[in-house]
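Quick one: the structure is below, questions incoming.
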Amino acid sequence: MNTTEIRLTTPSRLDEALALPADAIGMGQEGCLAKLPDTDTLRAAGDRIRAAARAFVLVAPIGWPRTADQLLERLTTVARDGPTTIAVNDIGTALALAAARPADCTVVAGLGLTRARPHSGNPDDSTPPPTPVDTALLNLLAKHGITGAELDTDSTIESDDRWRIRQYTDAVPVGYGRSCPTARHHKTGPPGCQPLCDTPYTISANQRWQLVHGHREPVPAGTERPVLTIWGNAVYQPATTGPTAAYRIIDARWHTPDALAGKVTALRGETPVPAGR
């Protein structure tokens, strides 16, 4: 039996998630502290999830310097209530939690840490090489007891018994913006932008942005422009492959209630393939 996690950004669909046979329920989003529910709301949600005998996963957004202390305090306060897994998305938060987490708190590297883009110098290359994972970074985190990692299904990692891989199944996150594209699109900011995160919009790209190399390159002539989905301050593109790891993360934002229920059932019943194959 595979392990499934339903991921929510807020508690608005928590009743729905608890009614489904998922093994874990996550809450939060990788890129924005303003979207993360406040401490009391997270503690109440965590209590309900644990009481329902589900694992509670708290997704920590990227901690910018001005929010790092506030974020760490919120995470440790929630984690002290009981068993919690925290998915961290920046190195500073990861190292701080490695030293300050409660005994029953597990820390894993989130999508904001593991996602990278390979470089293709060939302008005629319509299929960039598979996305690797920064194993040097994971090796550093492993020295601090962080050996779990979230990946999208298009990312690759060499098989290694140390890594407990958790796969995000619904899309491929291309990047997270320090300057939120949704807030800029609607010409607003926190807290007015918070409800807008729940409504995505799409754009068509005419250039590829290579995150690691920090520059743009043209989409090859004659190839279809990729359609990107903007959700909050995150940018996604469609996934091209299915999950191979036994732990699967289902992002509820991409699914109606009926579709979410169907996907939970389907992913729990599929036969896992070893991660890294």
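Those residues that are crowded, with 20+ Cβ neighbours inside 10 Å and either under 16 Å from the mean Cα position of the chain (by Cα) or without any contact (Cβ under 8 Å) to a residue 12 or more places away in the chain (or both), I need them from segment 38-64; list them, please.
Phe56, Val57, Leu58, Val59, Ala60, Pro61, Ile62, Gly63 - these are the residues of segment 38-64 that are crowded, with 20+ Cβ neighbours inside 10 Å and either under 16 Å from the mean Cα position of the chain (by Cα) or without any contact (Cβ under 8 Å) to a residue 12 or more places away in the chain (or both).
Give segment 65-98 a look and list any residue that's assigned to a helix (DSSP H, G or I) and touching a residue at least 40 places away in the same chain (Cβ under 8 Å), or say none. Reasoning before the result, please.
Going through segment 65-98, the residues assigned to a helix (DSSP H, G or I) turn out to be 68-79, 91-98.
Passing the criteria: Ile91, Ala94, Leu95, Ala98.
Identify the residue in segment 71-102 that is closer than 19 Å to Ile49 by Cα, surrounded by fewer than 22 Cβ atoms within 10 Å (Cβ to Cβ) and more than 16 Å from the chain's Cα centre (by Cα) and, among all such residues, is modelled with the lowest pLDDT.
Residue satisfying both the conditions and the ranking: Pro102.
When Gly26 is evaluated against the numbered criteria (1) within 26 Å of Leu267 (Cβ to Cβ); (2) under 15 Å from the mean Cα position of the chain (by Cα); (3) outside any strand (DSSP E or B), which criterion, by number, is the only one it fails?
Just one mismatch for Gly26, condition (3).
Keeping to segment 130-178, report how many residues are at pLDDT 80 or above, in a loop (DSSP other than H, G, I, E, B) and under 25 Å from Trp231 (Cβ atoms).
The total comes to 5.
From the list Pro181, Pro173, exactly one residue is touching a residue at least 40 places away in the same chain (Cβ under 8 Å), closer than 30 Å to Ala99 by Cβ and surrounded by 13 or more Cβ atoms within 10 Å (Cβ to Cβ). Which is it? Give the derivation first.
Values: Pro181 fails: closer than 30 Å to Ala99 by Cβ.
One residue alone meets the criteria, Pro173.
Could you list, in sequence order, the residues of segment 47-64 that are part of a loop (DSSP other than H, G, I, E, B) and aliphatic (A, V, I, L, M)?
Within segment 47-64, Ala52, Ala53, Ala60, Ile62 qualify.
Looking at (1) among the polar types (S, T, N, Q); (2) surrounded by fewer than 19 Cβ atoms within 10 Å (Cβ to Cβ); (3) in contact with a Cys (Cβ under 9 Å, 6 or more places away or on another chain), can you tell me which one Thr3 breaks?
(3)
Another question about this same structure. Of (1) in contact with a helix residue (DSSP H, G or I) (Cβ under 8 Å, 6 or more places away or on another chain); (2) at pLDDT below 95; (3) not basic (Lys, Arg), Thr39 satisfies all except one. Which?
The one condition Thr39 does not meet is (2).
The values are calculated or read from the model by the stated rules, or taken from the named source; none is laboratory data. Because the structure is predicted, anything quoted here is derived from the model rather than measured. Please note: Cβ atoms are built from the backbone with ideal geometry, for glycine as well, and neighbour counts cover all protein chains shown.
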